[in-house]
Structure formats: structure tokens, C-alpha cells
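> Structure below; questions to follow.
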Amino acid sequence: MEDFLKGRLGGEGGYDIRCSIDGDRIRGRAGGKVHGKDIELEITERGVQGTVGNDPVVIELDSGELKGNVGSEKLTLRGVDRVTGFFGEPITGWNVVAQQQGNALIGRLGSTVLGRDFQLELGSAPGWVGALVAVVAFYALEPRASANR
């Protein structure tokens, strides 16, 4: 059965996120037709793997946390409905905080001043999937999130 995950990263001046979820596969797009990147992820027994644009996404479950890389950036996420974590390097990275409320996920990447809010409709997906897709979209579309590539 196919489900949908959709929402917005960055509020009014931000980007749309639209993905379909079919079994363990997540496919969609962050951004529009002109300025956007395709997202293809697969949930495996060990974590999540796939691509955003041409960059790899490789994340594994390790001691209750999802750890790995989105492109060249490190990612750590913990939690299911309340998701916290960190994306990037210690000094130049972004905190990740998100809370699932029913089938909605509301969260923030980064600080109060420089960060980006996101809001997603999850369908039947758990909050951690929405948080991961928001981070992948952020990496795909924010130049400062992918400065090392």
C-alpha cells in the first residue's frame, strides 16, 4: 500500500517536500521542478540507504541511534516519535529536534536564529522517517548544509 509524506522545509520562503512511501521504499523530491533534487531511500534491516540527487545516503542502526552520512555530512538521530540528533560537523553542524503529533511532524534544524523549521504530514510513517527526510531535503537544497561537497 502506497502512502505519502509531504510538507515544507523553511516556512514560506522554503521548499516543498513530497515523497511516496511504498513498503520500505521512499521516493520523492525536495524542492520544485527547476530547483530540486530527487530523494530515493530504502529502509533495510541495518538502517537506511539510498541517494539524494547524486549523493549517497548511508545510515546504520548503532546502539539505538541511526548513524551515518548524507553525502559528505555526518548524521546522528535518536528516537521514534520525539527525534533528536545532530547533522554535520561539531562546530558548523545543525541540531535536529522534531516531535510527532498524530500524523504530523513539527521540527527544527539548527539554531533559533539560523535554523530552518519544518512541518510534514507523515501518513502512517513514524516520526524518525519524517525527520530523516527533512534532513536529506535540507542537505539537498541548502548550500550551507552541503558546503563540503
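The values are calculated or read from the model by the stated rules, or taken from the named source; none is laboratory data. From a predicted model like this one, the values you see are computed outputs, not experimental measurements. Glycine also receives a Cβ, built like all others from the backbone with ideal geometry; neighbour counts cover every protein chain displayed. Areas reflect the complete protein model, heavy atoms only, side chains present, ligands, DNA and RNA absent. Shrake-Rupley method; radii C 1.70, N 1.55, O 1.52, S 1.80 Å.
> Residues in the range 8-27 that are assigned to a strand (DSSP E or B) and open to solvent by less than 20 Å² (accessible area, probe 1.4 Å): how many?
Residues flagged as assigned to a strand (DSSP E or B) and open to solvent by less than 20 Å² (accessible area, probe 1.4 Å) within the range 8-27 amount to 4.
> Write out, first by first residue and then by second, each pair whose Cβ atoms fall under 8 Å of each other, whose residues are 6+ apart or on separate chains, and whose first residue, in the range 132-146, is within 10 Å of Phe87 (Cβ to Cβ) and hydrophobic (A, V, I, L, M, F, W, C) while the second is open to solvent by less than 10 Å² (accessible area, probe 1.4 Å) and at pLDDT below 90.
Close Cβ pairs (under 8 Å, with a partner that is open to solvent by less than 10 Å² (accessible area, probe 1.4 Å) and at pLDDT below 90) amount to Phe138/Ala145.
> Against the definition (of a type in the set (Asp, Glu), free of Cβ contacts under 8 Å to residues at least 40 places away in the same chain and either part of a strand (DSSP E or B) or surrounded by fewer than 20 Cβ atoms within 10 Å (Cβ to Cβ) (or both)), how does Asp3 come out, yes or no?
no
> Okay, moving on. Specify the residue that is least open to solvent (accessible area, probe 1.4 Å); the eligible residues are those in the range 41-59 that are more than 19 Å from Pro126 (Cβ to Cβ) and within 13 Å of the chain's Cα centre (by Cα).
Residues of the range 41-59 more than 19 Å from Pro126 (Cβ to Cβ): 51-56, 58.
Now narrow it down to the ones that are within 13 Å of the chain's Cα centre (by Cα): 51-52, 58.
Working: Thr51: 54, Val52: 3, Val58: 80 Å².
Applying the filter and picking the extreme gives Val52.
> A further question follows. So, in the range 60-104, how many residues would count as being under 12 Å from the mean Cα position of the chain (by Cα) and either crowded, with 21+ Cβ neighbours inside 10 Å or outside any strand (DSSP E or B) (or both)?
Counting residues in the range 60-104 that are under 12 Å from the mean Cα position of the chain (by Cα) and either crowded, with 21+ Cβ neighbours inside 10 Å or outside any strand (DSSP E or B) (or both) gives 8.
> Quick one: how many residues across the range 28-53 are among the polar types (S, T, N, Q) and either modelled with pLDDT under 95 or part of a strand (DSSP E or B) (or both)? Even if it seems obvious, please write down each step before you answer.
Going residue by residue through the range 28-53, those that are among the polar types (S, T, N, Q) are 44, 49, 51.
Adding the requirement that they be either modelled with pLDDT under 95 or part of a strand (DSSP E or B) (or both) leaves 49, 51.
Adding up the residues that qualify gives 2.
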